[in-house]
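Asker: Below is one structure. I have some questions about it.
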Protein chains: 2
Amino acid sequence: MPKQHYDVSTYRSQMGLGYLVKRAHSLMLDTMEPIFEARGFTFIQYVIMSWLRDGIAVNPKEICTQYRHDSGALTRVIDQLAERGLVERVRRDRDRRKVELQLTELGQETIKTLVPLVVEKLNLALEDFSGEEASELQRLLIKLNSKLQSGVEAKTPSGTESGPAEAGSAADARESA
Amino acid sequence: MPKQHYDVSTYRSQMGLGYLVKRAHSLMLDTMEPIFEARGFTFIQYVIMSWLRDGIAVNPKEICTQYRHDSGALTRVIDQLAERGLVERVRRDRDRRKVELQLTELGQETIKTLVPLVVEKLNLALEDFSGEEASELQRLLIKLNSKLQSGVEAKTPSGTESGPAEAGSAADARESA
DNA sequence: CGATAATAGCTGCCCAGGCAGTAATGATTT
DNA sequence: AAATCATTACTGCCTGGGCAGCTATTATCG
């Protein structure tokens, strides 16, 4: 049985992790987007270039899984970046299903100018944080993500899903009397 | 000058707050959505009912600002909830521009069955956390949000930014009973 | 070897959110 | 009181993500 960090009788959604994280995400977007918009980029475009720069990923698939982005949507973003000459798609003979993404010179220059702006914003967002607080926040988020990840993955096996879903709506709720 | 939590020369996007928060948000959605989907609801529908239950908001506007949700999108979600008889729109004479949202009996029953499931998921996500860690994560996220909020607000170009102050929003709602 | 499954990427379709504009009501100013 | 501005909720339109299906390639197994 899990720890009772939250209790049903006292739980209020405005204090829940879901809300806090959603709000942080939304605010983070609003904070960063002006940087990119002013230069004709979108946030997701920056993310992809940034990941390529850092060597985190070279295939669309890797970005999909690690950044949790839809495969189809990603294809279109890469199309945009390729059209603007920022990234290139390379087919390797090793596995011809895979596409290797590479930053062009223009792409490298671009990301090199964007990263400092992002770092500045991050530092500004954390300016009231002590070094310990900042690293603790990072550590706790990583820990949370790790746990959530395992929980999500555990639920993917085929057909173990209990409810047939739909149709029942709220009637489903009062069954346990 | 802001603290140098991140440095340009060593910054890697996979450790950045933006990524960690985005990932947490995405994973949180994936964790929670099965609860609602199996019962014919969406996450945002739950959120609205939950906020109404907790008395956090009674007007669409309040939900928009506090939950950072688009006004137009919210109208449609409320339409869905109203069609299913979960919430009602009430026009008060006090200010006929505003709509007061109320959970119907069905809505109250519904949210009463959903909240424990959410709480359970949250506790599960935090089961490896000590009490201190959990509250520290909450505190740091609130602190971060507060800082980000002020940063975003400061950039509104049009209005005089010296605090529109939004005279009486939550208290306003209560006295009209 | 051939057949089937699995993987990577792409395309089409649908839906929800972002944005701008509108109508109704209320507040403020003159 | 009239005029102007502000606020609230709603609507239409568009973009972008989620999902399912498709193709090409590779892996697995009989």
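All of the numbers you see were taken from the coordinates with simple rules; none came from a lab. The structure presented is a predicted model; accordingly, all values stated were derived computationally and were not measured. Note that each Cβ is placed from the backbone with ideal geometry, even for glycine, and that neighbours are counted across all protein chains shown.
Asker: I want to verify a result. In a Gaussian network model of chain A, Cα cutoff 10 Å, which of these has the top mean-square fluctuation: A:Thr65, A:Thr42, A:Thr104?
Answerer: A:Thr65
Asker: Can you pull the Kirkwood radius for the protein assembly as shown, inverse mean 1/r over Cα pairs, to one decimal in Å?
Answerer: Kirkwood hydrodynamic radius for the protein assembly as shown: 22.6 Å.
Asker: Something else now. Which ³J(HN,Hα) values in Hz, rounded to whole numbers, follow from the phi angles of segment A:3-13 under the Karplus curve 6.51 cos²θ - 1.76 cosθ + 1.60, where θ = phi - 60° and Gly and Pro get x?
Answerer: Result, ordered by residue: 4, 9, 5, 10, 10, 4, 6, 10, 5, 10, 4 Hz.
Asker: Between A:Glu109 and A:Ala73, how many nm apart are label points set 7 Å from Cα along the C-beta direction?
Answerer: Calculated label separation equals 3.1 nm.
Asker: Still on this structure: Quick one: which residues, 5+ away or cross-chain, put their amide H under 5 Å from the amide H of B:Val87? H built at 1.01 Å from N.
Answerer: B:Ala82, B:Thr104
Asker: Between the label point of A:Arg68 and that of the same position in each other copy, find the distances and list them shortest first in nm, with every label point placed 7 Å from Cα along the Cα-to-C-beta direction.
Answerer: Label-point distances to the other copies, shortest first: 1.5 nm.
Asker: Across peptide B:122-133, how many C-beta atoms of other chains are within 10 Å of each residue C-beta, on average?
Answerer: Taking all residues of B:122-133 together, the mean is 6.
Asker: Peptide B:46-53: average number of partner chain Cβ atoms within 10 Å per residue?
Answerer: 3
Asker: How large is the convex hull of the C-alpha atoms of chain A per residue, in Å³?
Answerer: Convex hull volume per residue, Cα atoms: 214 Å³.
Asker: Now for a different question. Starting with the fewest neighbours, write out B:His69, B:His5 ranked by other beta-carbon atoms found within 10 Å of each beta-carbon.
Answerer: The order, fewest Cβ neighbours first, is B:His69, B:His5.
Asker: Got a sec to turn the phi values of segment A:68-84 into Karplus ³J(HN,Hα) couplings, 6.51 cos²θ - 1.76 cosθ + 1.60 with θ = phi - 60°, whole Hz, x for Gly and Pro?
Answerer: Per residue, the Karplus-derived 3J(HN,Hα) values read 6, 10, 5, 4, x, 4, 5, 3, 5, 5, 5, 4, 4, 5, 5, 4, 8 Hz.
Asker: For B:60-67, what's the mean count of beta carbons from other chains sitting within 10 Å of each residue's beta carbon?
Answerer: So the per-residue partner count for this stretch is 1.
Asker: If I model a spin label at A:Lys3 and B:Thr10 as a point 7 Å from the Cα along the Cα→Cβ vector, what separation in nanometres do I get?
Answerer: 2.9 nm
Asker: To one decimal in nm, how far is A:Glu127 from the same spot in the other copies, if labels go 7 Å from Cα toward Cβ? Please give the shortest first.
Answerer: The answer, with the shortest distance listed first, is 4.3 nm.
Asker: Can I ask one more? Using Cα centres only, tell me the gap between segment A:1-50 and segment B:4-23 in whole Å.
Answerer: So the two Cα centres are separated by 15 Å.
Asker: Round to the nearest 10 and give me the degree value, 0 to 90, for the angle of helix B:17-37's Cα axis relative to the longest principal axis of chain B.
Answerer: 30 degrees
Asker: For segment B:1-106, take the convex hull of the Cα atoms, compute a quarter of its surface area, and give me that in nm², please.
Answerer: 10.3 nm²
Asker: Something else: Which of A:Glu120, A:Glu133, A:Glu105 has the fewest other C-beta atoms within 10 Å, and how do the rest follow up to the most?
Answerer: A:Glu105, A:Glu120, A:Glu133
Asker: Hey, another quick one. At what distance in nm do the modelled label points of A:Ser150 and B:Arg91 sit from each other, each positioned 7 Å from its Cα along Cα→Cβ?
Answerer: A separation of 5.5 nm, rounded to one decimal place.
Asker: Could you name the lysines in cross-link range of A:Lys147, using Cα to Cα under 20 Å and dropping any fewer than eight places away on the same chain?
Answerer: Answer for A:Lys147, where 20 Å is the Cα cut-off: A:Lys3, A:Lys22, A:Lys155, B:Lys22, B:Lys121, listed by chain and number.
Asker: Between copies, how far apart are the B:Arg12 label points? List them in nm, one decimal, shortest first, with each point 7 Å from Cα toward Cβ, please?
Answerer: Reported distances to equivalent positions: 4.1 nm.
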